[in-house]
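These notes concern the structure reproduced below.
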Amino acid sequence: MRHTLIALAAAAVLGSLSPGVHADTLSDVFTQGHVDGELRLYDFNRLYSSDAKPDASALSGAVLLNLRTADFGGGFSLGASLLSANAFGTHASNPARVDTTMMGADNALSALGQAYVQYRNDDVLLRAGQQYLNTPWMGSSDARVLPASYQALQAVFTPVKGWDIVALRSYGWKSRTSDGYHFDNLYYPVAFRGDALYGGLGGLPATAGTTAGTWALGTTYAAGGFKGQAWYYDFIDFVRMGYAEGSYTFRTGTGFDPFVAAQYVGEHAGAGSILVTNQTQLFGVTGGKVDSQVLGADVGVNIPHGKFDVSWNRIERQDGAIGDGALVSPYTAGWASDPLYTTSMIRGLVEQGPGHAWKARFAYGLFDDRLQLTAAYAQYTTTLRGDSHDVYLDLAYNFDGYLKGLSLRNRWERSTGGIGLNPGNQPFVYNRVMIAYKF
């Protein structure tokens, strides 16, 4: 909150000093601003084949309201996002039957998702305060009723069209089930220093020290059929990560365009990592360092109204490292929101540790692409969590005309196999019905 107040105070000062901004135009800053948002109604159901764990569900409605002022002072503006979710008293009396990853254990949840000041021109975007981020390993992870957000300073430079350079420093963050900002991440336990943090991997004890956030520097470039990005993250007190990804699409002019893509992740931290000092077990294995290497490849073809691709990832086993070389991802672990090609809806290699995976996916659009159909199959072979496979189906319909902005979606996945992945090592089905209206 301290960083947000500083940012907003700076905006007020800059606005008052900017020529051309006085009392008769100050009202225009707000009256000529922009308001949009989204209404959501989600119904999630976790269906377990094992009697060892009861099925769990959650129903929640949500309002996401975004406000941004008109530009003033030559490119400055203020923005905010108000978030509120409500389960309408539908949570089961037995906490074990509540899908707490939806919005936590309570029946109501409200938060300030964004509150920032920004400056933008053709070449530069500067933003300070509470904000959504869109980077490969730090994003809004928006698969629940409320997105995650960060207290951060962010600068985006665009030297030429198609090329961006991004620098950011984040401090606290708000998870998808939190009502405020905290200095933790998805390796901390639920209720760490009052944070209603659900769905992460955990592993750290309640006595662990807080984290100071993240430094990150990245660049993205797109031209013709090529797209590429490279990032460096310093997840302070946890791990330093390098990430690179590139793809090329061969434009044939026939509507059938093959593509190839590859990705690499490398990360390291020594004995000073919080995970090491707290003797944290990832997938049952402690270590004296964090050390992980990941490779990935994706090949496929874009077709009229659809796409088919087959992808592969591998996390190398590293002796002496936490989780035998498990990939440490402070803001996606347990949420399955990482950028690895083979990550499924329920989980991926970040949630299973070293090993390899492959995934086949087919997506197709019908009725002028208003109906989107996606089917996928993923198989995981890991050293610590055994062998498993996931089957995924996704149907989404986007209305047009008078109902434009309304969408209906059903995501369904079944996970089978593995050791310690699903209750009783029995199949697990996760069904998510999602109704949304953007205005």
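The values are calculated or read from the model by the stated rules, or taken from the named source; none is laboratory data. Quick caveat: nothing in here was measured; it's all calculated off a predicted structure. When we count neighbours, we look across all protein chains shown, and the Cβ atoms used for this are built from the backbone with ideal geometry, even at glycine. Heavy atoms of the whole protein, side chains included, go into the accessibility calculation; ligands, DNA and RNA do not. Shrake-Rupley method; radii C 1.70, N 1.55, O 1.52, S 1.80 Å.
Of note:
- Accessible area per residue was computed with a 1.4 Å probe on protein heavy atoms; residue 160 scores about 80 Å².
- Mean Cα-pair separation over length for the chain, i.e. relative contact order, pairs under 8 Å, 6 or more apart, %: 11
- Accessible-area value, residue 307, 1.4 Å probe, nucleic acids and ligands omitted, Å²: 60
- Pairs of lysines in the chain whose Cα atoms sit within less than 25 Å of one another amount to 7, provided the residues are eight or more positions apart or on different chains.
- Principal-axis tilt of helix 2-17 within the chain, Cα atoms, nearest 10 degrees: 30
- Carbon + sulfur, % of accessible area of the chain - ligands and nucleic acids excluded, 1.4 Å: 59
- Under the Debye formula (equal points on every Cα, no solvent term), log10 I(q)/I(0) of the chain at q = 0.07, 0.14 Å⁻¹: -0.37, -1.59
- For the chain, the mean residue ellipticity at 222 nm estimated from helices alone is -2000 deg cm²/dmol, where every DSSP H run of n ≥ 4 contributes -39500 (n - 2.57) and the total is divided by all residues, rounded to the nearest 500.
- Taken per residue, the accessible surface of the range 367-416 reaches 56 Å², heavy atoms only and a 1.4 Å probe.
- Taking each residue as 0.36 nm, the span from residue 207 to residue 310 lengthens on full extension beyond its C-alpha to C-alpha distance by 32.8 nm.
- Computed over the range 293-360: relative contact order in percent, which uses C-alpha pairs under 8 Å that are six or more apart: 34
- Most mobile of 428, 235, 250 in a GNM of the chain (Cα contacts under 10 Å): 250
- Across the range 31-91, the relative contact order, built from alpha-carbon pairs under 8 Å that are at least six residues apart, equals 35 percent.
- Backbone N within the range 206-225 under 13 Å of label point (7 Å from residue 155 Cα along the Cβ vector): 216-218
- Å² per residue, accessible surface of the range 40-118 at 1.4 Å: 41
- Rounded FRET efficiency, nearest 0.05, which uses the C-beta distance separating residue 123 from residue 30 and R0 of 25 Å: 0.40
- Gain on full extension, evaluated as 0.36 nm per residue between residue 134 and residue 377 minus their Cα-Cα distance, stands at 84.8 nm.
- Here the label points at residue 412 and residue 223, each 7 Å from Cα along the C-beta direction, are separated by 4.7 nm in the simple model.
- Label zone at residue 167, where the point sits 7 Å out along the Cα-to-Cβ direction: the range 119-141 residues whose backbone N lies under 13 Å: 125-127
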